[in-house]
């Protein structure tokens, strides 16, 4: 099985709230021919809300990276976020780490539960109509490396009886056009969590 991990958390949680409109989207995504269609989510009335815009960026990056088969598209109805080019149902999860000024902490167990609950669902393949497991596109852009490590640890702990469940997670980190702040101690924690 190919490893679909993003490589690491980008630590860009400070930038998450800055993506509010299509004008805030980096040109590398905004200029893609199908990007505007990816921001049209029927489940949210077709309006490009900030969450929907970030989901579209995640899907576009996964397609650009070859992590999802092109072309990625929105469903016309239903609760999933996207279909990949082979019709597989995709749901985007974008855990957020707190910023320095926030008074809350990252909740790895709650985030892991949300991801695993989605992985436990089936939805029809767009092309075949056959029900199949939903895949999760995990966007790690807005996570601190330590929170990413805690999430991976929690996912591994909760799937120790059947780790194949995690094969339906595809990780991605969008390119916001800014450099991440590298922290050697956090990178070490991240690498340690991966080896568990």
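The table that follows gives values for the structure above.
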| item | result |
| --- | --- |
| Hydrodynamic radius of the chain per Kirkwood, over alpha carbon pairs, in Å | 17.1 |
| Length-normalised contact order of the chain in % [C-alpha pairs under 8 Å, at least 6 apart] | 26 |
| Förster radius 30 Å - calculated FRET efficiency between residue 163 and residue 79, Cβ distance, rounded to 0.05 | 0.70 |
| Length gained when the stretch residue 113-residue 17 is fully extended (0.36 nm per residue, less Cα-Cα span) | 32.2 nm |
| Neighbour-count ranking [beta-carbon atoms within 10 angstrom, fewest first] of 172, 134 | 134, 172 |
| At 0.692 mPa s and 37 °C, Stokes D of region 115-165 from Kirkwood alpha-carbon radius, µm² per second | 259 |
| Gaussian network model of the chain, Cα within-10 Å springs - most flexible of 31, 168, 125 | 31 |
| Rounded to whole Å, sorted largest first: equivalent-ellipsoid semi-axes of region 38-154, Cα gyration tensor | 26, 16, 13 |
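Since every read-out is calculated from the coordinates, none of them should be taken as a lab result. What you are looking at is a predicted structure, and each value in this text was computed from that prediction instead of being measured. Note that each Cβ is placed from the backbone with ideal geometry, even for glycine, and that neighbours are counted across all protein chains shown.
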